[in-house]
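A.B. asks: Dumping the structure here so I can ask a few things about it.
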Amino acid sequence: MSAIAPEAVVIGASAGALEALSVILPALPANFRLPLMIVVHMPPDRSSILAELFQAKCRIAVREAEDKEPVNGGTAYFAPPDYHLLVEANKHLSLSSDEPILYSRPSIDVLFESAADAYGPALIAIVLSGANQDGAAGLKVIADAGGTAIVQSSEGAFATAMPEAAKAMCPSAQVLSPQEIAAYLEKVSGRP
Amino acid sequence: MTDVDMPEKIEDIEIRLLLEALYSRYHYDFRNYAMASVKRRLRQAREQLGFETLSALQESLLHDPNMFPRLLGYLTVQVSEMFRDPAYFRAIREKVVPHLRTYPSLKVWVAGCSAGEELYSLVILFREEGLEQRTLFYATDINQEALAQAEAGIFGLDRLQLFTENHRKSGGKSSLSDYYSAAYGRASFDKTLRQNVLFSDHSLVTDAVFGEMHLISCRNVMIYFDRDLQNRALGLFKDSLARKGFLGLGAKESLRFSNQAAAFSDFVREEKIYQRLAA
Ligand SMILES: C[S@@+](CC[C@H](N)C(=O)[O-])C[C@H]1O[C@@H](n2cnc3c(N)ncnc32)[C@H](O)[C@@H]1O
């Protein structure tokens with residue numbers, strides 16, 4: 001674990017996202033200190049159901065990210081369908097309708113790379129279940145900036161290609177199950 | 001965390017200087033755009049244009065006038081669709097048009113029109129509703145290449161399936177194929193659609209009010225701005241709108257965080273359509 005207290009968490013997930021996130025997010029306590037920014041691949045015409053879905057199950061605040069809103073601790077922000085989500089250096093969120101990256105909008109890499117710039121080593125990044133390569137390049141950028149990299153373990157994952165691609169590109173990443181990820185987040189959030 | 005104590009990264013210094021150079025040399029002002037996106041695009045430009053560093057790109061930008069349009073292409077990515085977010089155009093048709101009908105003549109401004117997708121959508125909608133003949137459309141952007149494309153009205157035929165579907169979902173009363181002819185993989189839109197349109201180079205960052213509008217549609221442009229710049233653009237829209245004029249924004253844009261919010265009321269909240277309050 002790095003010596004720098006983490007300030008934020010970014011998560012990327014695709015196929016199998018709901019199962020993994022349903023373990024992690026509801027486990028976080030009401031006084032969870034860190035903000036979480038989350039990209040889940042969804043068909044573009046799907047209206048934003050994720051935030052609502054998790055709101056009901058979670059003790060932390062869960063919302064769909066809005067353009068230029070300040071990042072608050074203890075809040076999970078989902079990227080809206082069909083927009084990229086980025087974090088600015090001043091810890092505000094930005095949306096963008098740039099072209100899809102690796103067929104994805106929102107793109108995990110886009111979120112991760114901007115978060116690496118904004119938080120440097122004080123960032124935890126997690127690549128969950130998925131059947132593509134998104135997030136691998138971004139995870140490496142975060143690890144290179146001194147952040148903490150985590151990928152979901154293959155066992156029990158709905159789709160393993162995405163966490164495996166991320167692990168291959170970023171060998172220093174820890175491999176954890178969703179339960180272990182939840183426990184890890186709770187532990188580091190407790191640190192001052 | 002105390003950002004002020006952290007030394008500025010070399011890349012951030014380079015970005016700041018490059019944007020300054022771009023402004024001093026070409027009067028294009030990206031200094032207050034949302035930086036996370038600008039950074040991404042500059043990295044992309046540096047890589048694809050084959051420069052070792054952003055400083056090297058800056059040198060070329062200052063000394064080689066051909067570099068400027070190429071870089072501008074990176075900084076103003078053109079992503080658009082006809083009748084993008086069909087529900088927005090349906091709301092314009094069903095809620096805004098009935099008000100517009102009461103005016104003998106109309107002015108409509110499509111700000112950040114890209115290659116014309118949003119403009120043609122509105123012109124076709126106005127034609128279907130019988131308002132086109134009394135309307136003057138202004139289509140503006142800072143990317144001349146995009147403006148030239150908009151003026152030509154030619155789109156890849158492979159995009160027309162989506163445009164047609166969007167048009168239908170927006171409540172279109174005609175068939176989109178009535179408005180273009182297809183040849184060699186391209187759809188060429190009828191020039192009569194442009195007879196009431198003025199295309200011009202206009203920046204929401206550095207240029208001023210140029211007319212009194214009844215409807216301004218500015219979608220997915222202001223998300224690329226920081227908050228101060230958003231406020232500037234919204235101030236421009238406020239000053240450009242007739243009393244009770246309408247302002248339509250992108251699906252994820254709103255007046256919520258703006259200091260101009262008091263000048264507008266929600267008109268169709270879900271579609272981000274606002275109405276200018278009487279001053
Ligand atoms: C993502 S496109 C949006 C196109 C269209 N309005 C839509 O919603 O589909 C953004 C457009 O804004 C233009 N733009 C960027 N900065 C601008 C400025 N300062 N003033 C006017 N247009 C600008 C870009 O050149 C580009 O054409």
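The values are calculated or read from the model by the stated rules, or taken from the named source; none is laboratory data. In this text, all values refer to a predicted model and were calculated from it rather than measured experimentally. FYI the Cβ positions are ideal-geometry reconstructions off the backbone, even for glycines, and counts take in every protein chain you see. Heavy atoms of the whole protein, side chains included, go into the accessibility calculation; ligands, DNA and RNA do not. Shrake-Rupley method; radii C 1.70, N 1.55, O 1.52, S 1.80 Å.
A.B. asks: Heavy atoms only, 1.4 Å probe, whole protein assembly: order B:Ile13, B:Ile92, B:Ile142 by accessible area, highest first.
C.D. replies: Descending order: B:Ile13, B:Ile142, B:Ile92.
A.B. asks: Now a separate question. Could you list log10 I(q)/I(0) for chain B at q = 0.15 Å⁻¹, which the Debye formula gives when each Cα is one point scatterer?
C.D. replies: Debye intensities relative to I(0), on a log10 scale: -1.15.
A.B. asks: Given 0.36 nm per residue, what is the gain on full extension from B:Lys191 to B:Glu52 after removing their alpha carbon distance, in nm?
C.D. replies: Contour length minus Cα-Cα distance gives 45.5 nm.
A.B. asks: If R₀ is 45 angstrom, what is the calculated FRET efficiency for the pair B:Tyr23 and A:Glu186, using the beta carbon separation as r and rounding to 0.05?
C.D. replies: 0.45
A.B. asks: If you don't mind, there's one more thing I want to ask. Leaving ligands, DNA and RNA out of it, rank B:Ser114, B:Ser177 by accessible area with a 1.4 Å probe, largest first.
C.D. replies: Ranked list, largest accessible area first: B:Ser177, B:Ser114.
A.B. asks: Nearest 500 deg cm²/dmol is fine: what mean residue ellipticity at 222 nm does chain B get from its DSSP H runs of n ≥ 4 alone, each adding -39,500 (n - 2.57), divided by its residue count?
C.D. replies: Rounded to the nearest 500, it is -11500 deg cm²/dmol.
A.B. asks: So, one more: Over the protein assembly as shown, what portion of Cα pair distances is larger than 30 Å, expressed as a whole percent?
C.D. replies: 49 percent
A.B. asks: If you don't mind, there's one more thing I want to ask. Among bridges DSSP assigns within the protein assembly as shown, what percent are antiparallel (round to 5)?
C.D. replies: On the way: 21 of 64 bridges.
If we restrict to bridges inside the protein assembly as shown, about 35 percent are antiparallel.
A.B. asks: Here's another thing I want to ask about it. Place a +1 charge on the Cβ of each Lys and Arg in segment B:6-75 and a -1 charge on the Cβ of each Asp and Glu, then give the dipole magnitude about the Cα centre in debye, rounded to the nearest 20.
C.D. replies: For this selection, approximately 260 debye.
A.B. asks: I'd like the orientation of helix B:160-169 relative to chain B: the angle between its Cα long axis and the longest Cα principal axis, in ° from 0 to 90, rounded to 10.
C.D. replies: Orientation of helix B:160-169: about 50 degrees from the principal axis.
A.B. asks: Taking beta carbons within 10 Å but only from partner chains, what does the mean come to for residues B:257-267? Write down the numbers at each step before the final one.
C.D. replies: Details: counts 6, 1, 0, 0, 0, 0, 0, 0, 0, 0, 0.
Counting other chains' Cβ atoms within 10 Å and averaging over B:257-267 gives 1.
A.B. asks: Using a simple charge model, +1 on the beta-carbon of Lys and Arg, -1 on the beta-carbon of Asp and Glu, nothing else, what dipole does the protein assembly as shown show about its Cα centre, in debye to the nearest 20?
C.D. replies: Using Cβ point charges on Lys, Arg, Asp and Glu, the protein assembly as shown gives about 1300 debye.
A.B. asks: Provide the per-residue ³J(HN,Hα) series for segment B:238-251, in order, calculated from phi with Karplus coefficients 6.51, -1.76, 1.60 and θ = phi - 60°, each as a whole number of Hz, with x at glycine and proline positions.
C.D. replies: Values per residue, Gly and Pro as x: 4, 6, 8, 8, 5, 3, 6, x, 10, 10, x, 10, x, 4 Hz.
A.B. asks: Moving to a separate point now. Output wanted: per-residue J couplings in Hz (rounded whole) for segment B:137-154, from phi through Karplus 6.51 cos²θ - 1.76 cosθ + 1.60, θ = phi - 60°, x for Gly and Pro.
C.D. replies: In residue order, the calculated couplings are 9, 10, 10, 10, 6, 9, 9, 5, 4, 5, 4, 5, 5, 4, 5, 6, x, 10 Hz.
A.B. asks: Now for a separate question. Just to check I understand the Karplus step: with θ = phi - 60° and J = 6.51 cos²θ - 1.76 cosθ + 1.60, what whole-Hz values come out for segment B:122-129, glycine and proline as x?
C.D. replies: Calculated HN-Hα couplings, in order: 6, 4, 5, 4, 5, 5, 4, 8 Hz.
A.B. asks: Now, a different point. Using the Cα gyration tensor of segment B:6-75, with a ≥ b ≥ c the square roots of its eigenvalues, what is the shape: rounded (a/c below 1.5), prolate (a/b larger than b/c) or oblate (neither)?
C.D. replies: rounded
A.B. asks: Once you list every other residue whose beta carbon is under 11 Å from the beta carbon of A:Glu88, what net charge do they have if Lys and Arg are +1 and Asp and Glu are -1?
C.D. replies: My count for the surroundings of A:Glu88 gives 0.
A.B. asks: Of the options A:Met37, A:Ile108, B:Ala139, report the single residue whose Cα projects farthest towards the positive end of the charge dipole of the protein assembly as shown (beta-carbon charges: Lys, Arg +1; Asp, Glu -1).
C.D. replies: After comparing all options, I get B:Ala139.
A.B. asks: Determine the residues within segment A:61-108 where the difference in accessible area between the chain on its own and the full set of protein chains amounts to at least 30 Å²; count protein heavy atoms only and use a 1.4 Å probe.
C.D. replies: Checking the loss per residue gives A:Glu66, A:Asp67, A:Lys68, A:Tyr83, A:Leu86, A:Glu88, A:Leu95, A:Ser97, A:Asp98, A:Glu99.
A.B. asks: Given a 1.4 Å probe, how much area per residue of the protein assembly as shown is accessible, in Å²?
C.D. replies: 42 Å²
A.B. asks: Could I ask something else about it? Per-residue accessible area for B:Val123 at 1.4 Å probe radius, Å² rounded to 10?
C.D. replies: For B:Val123, solvent-accessible area is about 0 Å².
A.B. asks: Using Cα springs under 10 Å in a Gaussian network model of chain B, which residue among B:Met213, B:Met67, B:Met82 shows the largest mean-square fluctuation?
C.D. replies: B:Met67
A.B. asks: Ignoring everything except DSSP H segments at least 4 long, calculate the 222 nm mean residue ellipticity for chain A; use -39,500 (n - 2.57) per segment, divide by total residues, nearest 500. Walk me through the intermediate numbers first.
C.D. replies: Numbers: 6 runs with 57 residues, N = 192.
One gets -8500 deg cm²/dmol as the mean residue ellipticity at 222 nm.
A.B. asks: Can I ask one more? Going from the alpha-carbon gyration tensor of segment B:112-214, what semi-axes, largest first and in whole Å, does one get by taking the root of 5 times each eigenvalue?
C.D. replies: Semi-axis lengths for segment B:112-214 are 23, 17, 12 Å.
A.B. asks: From Cα pairs below 8 angstrom and at least 6 apart in sequence, can you work out the relative contact order of segment B:6-75, rounded to a whole percent?
C.D. replies: 32 percent
A.B. asks: Could you please report the charge total around B:Tyr120, scoring K, R as +1 and D, E as -1 over all other residues with beta-carbon less than 10 angstrom from its beta-carbon?
C.D. replies: -2
A.B. asks: Turning to a different aspect of this structure: Quick one: which residues, 5 or more positions from A:Ser154 or on another chain, have an amide H under 5 Å from its amide H? H modelled 1.01 Å from N in the peptide plane, none for Pro or chain starts.
C.D. replies: none
A.B. asks: Okay, next question. Could you report the accessible area of A:Thr75 in Å², rounded to 10, computed with a 1.4 Å probe on the protein chains as they sit in the structure?
C.D. replies: 10 Å²
A.B. asks: Counting Lys and Arg as +1 and Asp and Glu as -1, what is the net charge of the other residues whose Cβ lies under 10 Å from the Cβ of B:Arg90?
C.D. replies: Values: positive: B:Arg93, B:Lys95, B:Lys169; negative: B:Asp85, B:Glu94, B:Glu271.
Result for the local shell: 0.
A.B. asks: Between B:Phe225 and residues 5 or more places away or on another chain, which pairs have amide H atoms under 5 Å apart, with H built 1.01 Å from N, and which residues are they?
C.D. replies: Under 5 Å from the amide H of B:Phe225 lie the amide H atoms of B:Ala34, each far enough along the sequence or on another chain.
A.B. asks: In debye, nearest 20, what is the charge dipole magnitude of chain B about its Cα centre with +1 on Lys and Arg Cβ and -1 on Asp and Glu Cβ, if you could check?
C.D. replies: About 1060 debye.
A.B. asks: Continuing with the same structure: In peptide B:29-39, what is the residue-averaged number of other protein chain Cβ atoms found within 10 Å of each Cβ? It would help to have the intermediate numbers written out before the result.
C.D. replies: Values: counts 0, 0, 0, 0, 1, 10, 8, 18, 9, 0, 6.
Per residue, the average neighbour count from other chains is 5.
A.B. asks: Label segment A:1-117 by shape, choosing from rounded, prolate and oblate, from the square roots a ≥ b ≥ c of the eigenvalues of the Cα gyration tensor; if a/c is under 1.5 it is rounded, and otherwise prolate applies when a/b is larger than b/c, oblate when it is not.
C.D. replies: oblate
A.B. asks: A further question on this structure: Could you pull out every one of the aspartates and glutamates with an alpha carbon less than 20 Å from that of B:Lys107, ignoring same-chain neighbours closer than 8 positions?
C.D. replies: Once the sequence-local aspartates and glutamates are set aside, what remains near B:Lys107 is B:Glu94, B:Glu117, B:Glu118, B:Glu128, B:Glu129, B:Glu132, B:Asp141, B:Glu151, B:Asp201, B:Asp207, B:Glu212, B:Asp239.
A.B. asks: Once Lys and Arg get +1 and Asp and Glu get -1 on their Cβ, which of B:His167, A:Leu185, A:Tyr77 lies farthest toward the positive end of the dipole of the protein assembly as shown?
C.D. replies: B:His167
A.B. asks: Leaving ligands and nucleic acids out of the surface, order A:Thr148, B:Thr206 by accessible area at 1.4 Å, largest first.
C.D. replies: Sorted by accessible area, descending: B:Thr206, A:Thr148.
A.B. asks: Something else about it: List the residues, sorted by chain then number, that are 5 or more residues from B:Gly245 or on another chain and whose placed amide H is less than 5 Å from its amide H.
C.D. replies: The answer is B:Arg276.
A.B. asks: Listed here are the pairs A:Lys68/B:Lys39; A:Lys91/B:Lys9; B:Lys191/B:Lys244; which of them are more than 22 Å apart at the Cα?
C.D. replies: Violating the 22 Å Cα-Cα cut-off are B:Lys191/B:Lys244.
A.B. asks: Might you work out the accessible area of A:Leu28 for me, using a 1.4 Å probe with all protein chains in place, and round it to the nearest 10 Å²?
C.D. replies: Ignoring ligands and nucleic acids, A:Leu28 comes out at about 0 Å².
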